[in-house]
1. Looking at (1) of a type in the set (Gly, Ala, Ser); (2) crowded, with 19+ Cβ neighbours inside 10 Å; (3) more than 16 Å from the ligand (Cβ to nearest atom), which is the only condition Ala171 fails?
2. Within the range 179-215, take every residue that is open to solvent by 70 Å² or more (accessible area, probe 1.4 Å) and more than 29 Å from Glu270 (Cα to Cα) and give me the one that is modelled with the lowest pLDDT.
3. The conditions are (1) away from the ligand (no atom under 14 Å from the Cβ); (2) crowded, with 23+ Cβ neighbours inside 10 Å; (3) closer than 29 Å to Asp320 by Cα, and Glu365 fails exactly one of them. Which is it?
4. Looking only at residues in the range 371-388 that are among the hydrophobic types (A, V, I, L, M, F, W, C) and part of a helix (DSSP H, G or I), which one is farthest from Leu211 (Cα to Cα)?
5. Given the condition away from the ligand (no atom under 16 Å from the Cβ) and at negative phi, answer yes or no: does some residue in the range 259-267 qualify?
6. Note down all Cβ pairs under 6 Å where the first residue falls in the range 117-137 and is within 23 Å of Ala315 (Cβ to Cβ), the second is part of a helix (DSSP H, G or I) and open to solvent by 10 Å² or more (accessible area, probe 1.4 Å), and they're at least six residues apart or on different chains.
7. Taking the options Gly310, Gly284, name whichever one is open to solvent by less than 40 Å² (accessible area, probe 1.4 Å), closer than 28 Å to Glu227 by Cβ and touching a residue at least 60 places away in the same chain (Cβ under 8 Å).
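The values are calculated or read from the model by the stated rules, or taken from the named source; none is laboratory data. This structure is a prediction, so every number in the text was calculated from the model and none was measured. Cβ coordinates were reconstructed from backbone atoms using ideal geometry, including for glycine residues, and neighbour counts include every protein chain displayed. Heavy atoms of the whole protein, side chains included, go into the accessibility calculation; ligands, DNA and RNA do not. Shrake-Rupley method; radii C 1.70, N 1.55, O 1.52, S 1.80 Å.
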Amino acid sequence: MQRRNFLKGSAALLSALPINAALAAEPTTRLANSASTNTAQMLDGAKQLAPIIATPDRIIEMNVCTRPFRAQGPRIESERIGRKSVVHNYGHGGSGWSLSWGSGQIAVEMARATGHKEIAVIGCGAIGLTTALVAQQAGLRVTIYAKERPPYVRSHRATGAWTPDSRICSAQFAPNFAKQWETMARYSFRRYQSLLGVAGNPIEWRDMYSLSDIPFGRPQPSAESGEPAYPHFEAELIRDITPQAVPISSHPFPVSHVQRRSTMLFNIAEYTRLLMADFLANGGVMETFSMQDKSDFSAIDERTIINCTGYGARALLADDSIIPVRGQTAKLMPQPEVDYGFYFNSRHVSVYPRRDGMLVQAQAEGDFNNDAENLDPNESITAVRRLGEIVEQMQAKDESKLQGGV
Ligand SMILES: Cc1cc2nc3c(=O)[nH]c(=O)nc-3n(C[C@H](O)[C@H](O)[C@H](O)COP(=O)(O)OP(=O)(O)OC[C@H]3O[C@@H](n4cnc5c(N)ncnc54)[C@H](O)[C@@H]3O)c2cc1C
């Protein structure tokens, strides 16, 4: 491959130039404590927490992406388009990875009702890949048609955590959607447990800490103000299967209120490779195909089609019920020794210990109904700086404890 072509191809995914440009423009590019690894390990009860190294010079990638939010919840229904039976399966907001298996299960049942043994799946993101695998397991032959494949799909830019009720519908529509959500969440959760312990750790459980300046139970500050109210399905409907938060009194965090909760993480790079390898091993076929509008469904050979085009469905079907919710993340150099992450809502930052890097999410107001998919490097650099400040405070607290202070 020509070097120039390689650079062109990789520019969409990696944003080294904007990061460097933004760092060069900063008067100071490093936090004072970039040698923070020297600090003693910090204790949460009996558990040792390795320090996170959070300085902007450790950023290896930044990404921005839009969540396909629908107030009614995802669109999972069949429609006749010309001579094709089209089952829609799109609009999963901030929960697409989490709910993918259960959503695919419902869509595949609808597709099977046509009686056709060969089906098409449009889309190769979280929803398309899992739907295709569920269809294969149901004995169907599947061809995936997609404009982009991983790692160039939006799903690849997600945080990668079990967040099954994140911007999945608005509270107004929750009563109509609750039962279907529960079915999807329970099915998906079970599927994910079957992927634990697989080589490469595509799925794993990690401890996440919630940090708060005010007691939990009171309204918490959130970057979601200005967005619709969302339901709390996970707490209300599947409490019996997911780990619950426990208050932690002895901890290194610079706040009064801390809860720990185990969370499932999706190591997206490894997990996507596994899904694609399984699909191909089961005899699946992938075709590159970019659809311009509804009339292009007629160009597909198969008569039953499952439409998993995510945010792309907004343009494809002129479906304005899909509202973009922007999200930006930065990946810091991997730290295999760090096995925990945390959310600090009032400081608008969260960090997740993924295998391919420490993923830092900048929470910003104004993300709702924002389709800007251009990177704002300063947004992520600021988030990493905020994270670095928290780590410094943790270390200061830890050192004063070691010296016998409070
Ligand atoms: C910042 C951020 C963080 C997130 N974090 C999480 C999280 O932690 N956990 C979680 O569960 N979810 C999370 N999400 C949500 C999740 O990423 C989405 O719900 C999910 O990616 C949707 O997957 P999808 O397969 O429907 O769409 P996509 O990944 O967008 O895939 C769509 C597919 O359809 C194809 N396509 C689209 N249009 C056309 C067309 N016209 N012709 C042909 N092909 C087409 C595309 O090429 C692609 O292959 C996050 C989202 C964001 C933005």
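1. Unmet condition: (2).
2. Ranking the qualifying residues of the range 179-215, first place goes to Asp213.
3. Unmet for Glu365, out of (1) away from the ligand (no atom under 14 Å from the Cβ); (2) crowded, with 23+ Cβ neighbours inside 10 Å; (3) closer than 29 Å to Asp320 by Cα: (2).
4. Restricting to residues being among the hydrophobic types (A, V, I, L, M, F, W, C) and part of a helix (DSSP H, G or I), the top hit is Ile381.
5. Yes: one or more hits.
6. Filtered contacts from the range 117-137: Gly125/Ser155; Ala126/Gly96; Ala126/Trp97; Ala126/Ser155; Ile127/Gly96.
7. On inspection, the qualifying residue turns out to be Gly310.
Yes/no matrix, rows are residues, columns are (1) touching a helix residue (DSSP H, G or I) at 6+ places or on another chain (Cβ under 8 Å); (2) more than 22 Å from Ile322 (Cβ to Cβ); (3) within 6 Å of the ligand (Cβ to nearest atom):
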{"site": "Gly96", "(1), (2), (3)": "yes, no, yes"}
{"site": "Met110", "(1), (2), (3)": "no, no, no"}
{"site": "Trp162", "(1), (2), (3)": "yes, yes, no"}
{"site": "Asp165", "(1), (2), (3)": "yes, no, no"}
